[in-house]
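Report on the following structure.
The values are calculated or read from the model by the stated rules, or taken from the named source; none is laboratory data. The structure presented is a predicted model; accordingly, all values stated were derived computationally and were not measured. Every residue, glycine among them, receives a Cβ derived from its backbone with ideal geometry; neighbour counts consider all protein chains shown. Note: areas computed on protein heavy atoms with side chains; ligands, DNA, RNA excluded. Shrake-Rupley method; radii C 1.70, N 1.55, O 1.52, S 1.80 Å.
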Amino acid sequence: MRLINRYPGPVGRVALAALPFVLVGLVYAQASAARLAENPQDRILPSFATLGGTAWRLLTEEDRRSGEILFWGDTLSSLSLLAAGVGIAALLGLVLGVAIGLIPLIRSSLQGFVAVVSMIPPLAVLPILFITLGVGDTAKIALIAIGITPFLIRDLTARTLELPQEQVVKAQTLGASTLGIALSVALPQILPRLISAIRLSLGPAWLFLIAAEAVASDSGLGYRVFLVRRFLAMDVILTYVAWITLLAFLIDWGLARLSRWLFPWAEARG
Amino acid sequence: MTLVQVDGIFQSYGPRPILERVSLSVGEGEFISIVGASGCGKSTFLRLLLDQERPTRGQITVDGQPLKGEPDRTRGIVFQRYSVFPHLTVRDNIVAAEGLSRPLGRLFGPARRAARARADATLDRIGLAHVAHQYPAALSGGMQQRLAIAQALAAKPRILLLDEPFGALDPGTREQMHAFLTDLRQETPMTVFMVTHDLREAFKLGDRVIVFDKTRWDPHDPAAYGATITYDFDARNGGIPYQLKEDQDGSSHPAAQPAA
Ligand SMILES: Nc1ncnc2c1ncn2[C@@H]1O[C@H](COP(=O)(O)OP(=O)(O)O)[C@@H](O)[C@H]1O
Ligand SMILES: [Mg+2]
């Protein structure tokens with residue numbers, strides 16, 4: 001039987017999905033054990049036991065100076081910056097994307113501009129943001145928003161242009177104004193596309209957040225990772241990286257579920 | 001009484017002529033079937049009637065008034081596909097026929113409840129009440145087209161344009177749709193233009209059947225000339241031809257057969 005026609009059974013499916021994770025874990029455990037056998041003080045590849053202990057300490061122990069648990073404070077700080085940046089970008093992307101896709105005059109004026117702006121490397125703008133907005137949260141939110149808004153605008157413009165022209169004509173024969181078409185024909189059909197586009201841009205959003213936190217901050221997940229790097233605290237770094245990965249995965253999964261729940265018709269269309 | 005008057009329409013896209021010298025006079029309440037080869041400009045003609053595009057030359061008037069430059073509620077349309085809104089339930093698709101004309105494109109409060117009640121009555125009548133809360137994607141092709149026609153009619157247009165509305169349906173469903181359309185027309189007399197590839201359907205439903213074809217033909221450049229109305233049949237008595245449009249340059253054309 002050809003390889004392209006072979007499918008795993010229910011058990012095989014789980015086993016195959018778990019395989020790469022198990023392999024990575026095994027390779028790590030091996031390498032860690034080898035290093036620790038050579039030098040028990042080695043900090044580069046801590047054992048799983050050390051990692052578990054560190055994670056427990058990070059999640060439960062209060063900081064001696066502030067009396068807070070830094071881990072949760074960092075999480076809250078990062079997530080609120082991420083939400084603010086992505087939220088602003090989503091709003092801008094939605095409004096401008098639909099406007100550019102639907103209204104020829106706005107398209108003529110803004111499409112080229114957005115195409116050029118989207119070529120600006122956001123990280124190169126970071127110093128400008130720090131200079132103009134200070135090193136506080138505003139600059140970090142601005143970096144995330146600047147980083148992903150052009151992509152969202154372009155993606156949602158394309159999605160709006162993809163709406164069958166028949167629907168726009170149909171709406172006009174039912175007496176719809178431009179605003180009515182934007183709000184009742186385009187917007188509802190673009191919202192599920194917005195969620196897909198946000199899911200795609202979350203990777204870059206995390207990148208910009210962590211980069212900004214690493215450069216100038218006093219809290220946040222990215223800040224902590226870069227802070228403890230000076231002490232070679234690999235156990236802390238790995239715990240934070242695993243946590244960031246889990247958060248990113250859960251947000252992505254949650255958005256997918258949300259989209260299916262809010263827009264059942266978008267699934268049926270296939 | 002003449003409702004739609006088409007005078008010497010030419011339509012080209014770039015250098016390519018699609019329609020030439022199309023003139024037509026249609027009385028209020030007439031059902032015009034339009035047939036012709038694929039790509040000869042039937043949909044283009046409907047777009048001109050809809051005022052989705054302006055002709056290169058010539059003029060279309062409705063009730064003696066020139067068209068205004070964009071589609072409006074006086075002319076409804078049903079396409080072969082994409083005619084209903086996929087994000088609205090079957091019932092809300094009917095409600096949209098009233099709601100879309102509001103400033104924000106939707107109805108609120110008591111107006112919305114009243115429109116929903118009317119929509120439910122409509123769905124009852126067209127046999128879609130049992131799927132009122134489903135999305136169009138869950139409906140069969142015939143049900144979707146029934147919904148599309150009901151939606152267009154809910155806006156009470158004077159002129160209804162149908163672009164191969166039953167082209168994708170199986171023969172049995174097609175027959176049902178014919179009966180459905182005939183019933184609806186007895187209730188609300190409106191002027192209908194229907195493009196179809198099915199000659200039997202054209203003669204069965206239409207009062208007149210008009211044929212679009214090319215009267216001039218350059219074998220080295222098939223796209224050199226556009227199509228015009230070559231036949232205009234009276235379809236009321238089983239389709240006895242009462243009028244044969246004259247070829248302007250006098251040549252008879254081999255493709256000028258309605259069965260082409
Ligand atoms: N907007 C347009 N721009 C350029 N060419 C077009 C456009 N619309 C239609 N055409 C061309 O005009 C011809 C007639 O199209 P159409 O009216 O859709 O034919 P029909 O409906 O009779 O099959 C086709 O060759 C098509 O490619
Ligand atoms: Mg066509």
Self-check item: Other-chain or far-sequence residues with amide H under 5 Å of B:Ala235's (modelled H)
Solution: B:Arg208, B:Val209
Practice problem: Please report the base-10 log of the normalised intensity I(q)/I(0) for the range A:69-269, using a Debye sum with one equal scatterer per alpha carbon and no solvent, at each q in 0.09, 0.17 (1/Å). | Solution: -0.41, -1.12
Exercise. Compute the Kirkwood hydrodynamic radius of the protein assembly as shown, taking the inverse of the mean of 1/r over all pairs of distinct Cα atoms, and give it in Å to one decimal.
Key: 28.2 Å
Practice problem: Can you pull out the buried accessible area for chains A and B, both sides counted, probe 1.4 Å, rounded to the nearest 100 Å²? | Solution: 2200 Å²
Practice problem: Compute the normalised compactness of the range A:142-217: alpha-carbon radius of gyration over 2.2 N^0.38 Å, N being the residue count. | Solution: 1.47
Practice problem: Identify the chymotrypsin sites (Phe, Trp or Tyr not before Pro) of the range B:85-194 meeting these criteria: DSSP loop state and at most 11 other C-beta atoms within 10 Å of the C-beta. | Solution: B:Phe108
Quiz item: With charges set only on the Cβ (+1 for Lys and Arg, -1 for Asp and Glu), what does the dipole of chain B come to about its Cα centre, in debye to the nearest 20?
Solution: 1020 debye
Quiz item: Percent of accessible area on the range B:11-124 owned by carbon and sulfur, 1.4 Å probe?
Solution: 51 percent
Quiz item: Cα to Cα, under 20 Å, and not fewer than 8 places away if on the same chain: which lysines meet these conditions relative to B:Lys42?
Solution: A:Lys170, B:Lys204, B:Lys214, B:Lys245
Quiz prompt | Amide H contacts of B:Ala227 (H built 1.01 Å from N, under 5 Å, at least 5 apart or other chain) | solution = B:Leu19, B:Glu20
Quiz item: Expressed as an acute angle from 0 to 90° and rounded to the nearest 10, what is the orientation of the C-alpha long axis of helix A:137-162 relative to the principal long axis of chain A?
Solution: 40 degrees
Exercise. Provide the per-residue ³J(HN,Hα) series for the range B:18-32, in order, calculated from phi with Karplus coefficients 6.51, -1.76, 1.60 and θ = phi - 60°, each as a whole number of Hz, with x at glycine and proline positions.
Key: 10, 10, 10, 6, 8, 10, 7, 10, 10, x, 4, x, 6, 10, 9
Quiz prompt | Dipole of the protein assembly as shown, positive direction: furthest Cα of A:Leu70, B:Ile126, A:Val86, with charges on the beta-carbon | solution = A:Leu70
Quiz item: In deg cm²/dmol, rounded to 500, what helix-only [θ] at 222 nm does chain B give when every DSSP H run of at least 4 residues adds -39500 (n - 2.57) and the total is split over its residues?
Solution: -9000 deg cm²/dmol
Quiz item: Over the range A:57-138, what per residue volume does the convex hull of the Cα atoms give, in whole Å³?
Solution: 131 Å³
Quiz item: For the peptides B:88-95, B:123-130, what is the packing order when you average, over each peptide's residues, the other Cβ atoms within 10 Å and list the highest mean first?
Solution: B:88-95, B:123-130
Exercise. Give, rounded to the nearest 20 debye, the magnitude of the charge dipole that the range B:1-131 has about its Cα centre when Lys and Arg contribute +1 at Cβ and Asp and Glu contribute -1 at Cβ.
Key: 460 debye
Practice problem: Please state, rounded to one decimal and in Å, the Kirkwood hydrodynamic radius that the range B:17-115 gives when every pair of distinct Cα atoms enters the mean of 1/r. | Solution: 16.3 Å
Quiz prompt | Carbon + sulfur, % of accessible area of chain A - ligands and nucleic acids excluded, 1.4 Å | solution = 69 percent
Practice problem: Compute the acute angle (0 to 90°) between the alpha-carbon long axis of helix A:104-117 and the principal axis of greatest extent of the alpha-carbon atoms of chain A; round to the nearest 10°. | Solution: 20 degrees
Practice problem: Please get the size of the charge dipole for the range A:69-269, origin at its Cα centre, with Cβ charges of +1 on Lys and Arg and -1 on Asp and Glu, quoted in debye to the nearest 20. | Solution: 300 debye
Quiz item: If you project the alpha carbons of the range A:56-98 onto their three principal axes, what span does each projection cover, largest first, in Å?
Solution: 50, 19, 5
Quiz prompt | Accessible area (Å², per residue) of the range A:70-223, counting only protein heavy atoms and a probe of 1.4 Å | solution = 41 Å²
Quiz prompt | Per residue accessible area in Å² of the range B:75-156, where ligands, DNA and RNA are left out and the probe is 1.4 Å | solution = 42 Å²
Practice problem: Could you tell me which of A:Ala176, A:Val215, A:Val117 has its Cα farthest along the dipole of the protein assembly as shown towards the positive end, charges placed at Cβ (Lys, Arg +1; Asp, Glu -1), taken about the Cα centre? | Solution: A:Val215
Quiz prompt | Compactness relative to 2.2 N^0.38 Å, alpha carbon Rg of the range B:75-156 | solution = 1.00
Exercise. For helix A:122-133, report the angle its Cα long axis makes with the longest principal axis of the Cα atoms of chain A; keep it between 0 and 90° and round to the nearest 10°.
Key: 90 degrees
Quiz item: Shape of the range B:47-206 from its Cα gyration tensor (a ≥ b ≥ c, root eigenvalues): rounded if a/c is under 1.5, otherwise prolate when a/b > b/c, or oblate?
Solution: oblate
Quiz item: How big is the gap, in Å, between the Cα center of the range A:154-209 and the Cα center of the range A:48-127?
Solution: 22 Å
